[in-house]
Amino acid sequence: LMEDIGNEYRLSEDQWVTWEVGNFCAARHPDDKRWYRAKILSMPHKSLAEVFMVDYGYICQVGVSEIRPLQKPFLKQMCFAFSCHLADIVSAGDMKKWSRTACEFMAEEVKNMKMYIQKKGNTQNDSLPIDLLMEEDISETALEPSRKHYYSLTDKLIEKGLAIPINRRKKKILVEAEAAKIKKIQPVCYWKPAVKPMSSSILGMPAYVDFEGIIWVQELKE
């Protein structure tokens, strides 16, 4: 999809369009210069728009000259990113807002990692409560063969003093046998909000961690 969008808009020219809040569009990110499917969140100025990249979770400001009408072929698939939050913890210090240190730690911790999303409850305020279970390879030693180890991002934040648990229930780490049973849910419909998974765990890839501690996840599919 991203390749097709790039090919479609790479050589496109600015068009005279009256944009409004809530419009879907194609927008070019100011940093990586790639084209994304997006939704206009606000218009701070007639030449500037704040957009939400619906497949990745990014929010950024772009010039109106960097926005294009979205062609029909790109309207057929649903948004690929859905909002998640780490369940049963709050930020240390300011309990209503994650610190920049915590957000940077989470972003670095998930970078280039294979991980599993463990669903921890039903949707709350349009956000799915989860834990991220990180998979790492443990090299073999003279006494033990190589193996895979799983650890919880939630537990890691608590261990580093960046988060505080809000209940006393001991969290369980997903073992390898459970990870093998993770189901993949195929996306359906188009241009509706990303569908929250119904199963207790899915295989997915974090796409972005914003500075409110919200994790945007893409579900992996065949």
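The values are calculated or read from the model by the stated rules, or taken from the named source; none is laboratory data. Being a predicted model, the structure only gives us computed values, none of them experimental. Note that each Cβ is placed from the backbone with ideal geometry, even for glycine, and that neighbours are counted across all protein chains shown. Quick note on the areas: whole protein, heavy atoms, side chains included, nothing else; ligands and nucleic acids left out. Shrake-Rupley method; radii C 1.70, N 1.55, O 1.52, S 1.80 Å.
Residues of region 78-103 being open to solvent by 70 Å² or more (accessible area, probe 1.4 Å) and assigned to a loop (DSSP other than H, G, I, E, B), which ones? Reasoning before the result, please.
First, pick out the residues of region 78-103 that are open to solvent by 70 Å² or more (accessible area, probe 1.4 Å): 93-97, 100-101.
Passing the criteria: GLY93, ASP94, MET95, LYS96, LYS97.
When you look at LYS184, is it among the basic types (Lys, Arg) and modelled with pLDDT of 70 or more, yes or no?
no
Every residue, every condition in (1) outside the structural domain of ALA102 (by the TED database); (2) touching an Asp or Glu at 6+ places or on another chain (Cβ under 8 Å), yes or no:
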residue	(1), (2)
LEU1	yes, yes
ASP4	yes, no
GLU13	yes, no
CYS25	yes, no
ASP32	yes, no
HIS45	yes, no
GLU50	yes, no
MET53	yes, no
ALA87	no, yes
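Residues to consider are LYS111, LYS148; find the one that is under 26 Å from MET2 (Cβ atoms), surrounded by fewer than 13 Cβ atoms within 10 Å (Cβ to Cβ), of a type in the set (Lys, Arg) and modelled with pLDDT of 75 or more.
Details: LYS148 fails: under 26 Å from MET2 (Cβ atoms).
Criteria check complete, one pass: LYS111.
Which residue, of LYS114, LYS76, LYS39, LYS46, is of a type outside the set (A, V, I, L, M, F, W, C) and under 20 Å from THR154 (Cβ atoms)?
Step by step, each of LYS114, LYS76, LYS39, LYS46 is checked, and only LYS114 is of a type outside the set (A, V, I, L, M, F, W, C) and under 20 Å from THR154 (Cβ atoms).
Tell me whether region 159-176 contains one or more residues that are at pLDDT below 80, open to solvent by 60 Å² or more (accessible area, probe 1.4 Å) and in a helix (DSSP H, G or I).
yes
Being open to solvent by 50 Å² or more (accessible area, probe 1.4 Å) and touching a residue at least 40 places away in the same chain (Cβ under 8 Å) is the filter here; which residues of region 126-145 pass it?
ASP126
Go through region 49-75 and count every residue that is part of a strand (DSSP E or B) and either open to solvent by 50 Å² or more (accessible area, probe 1.4 Å) or not aliphatic (A, V, I, L, M) (or both).
8
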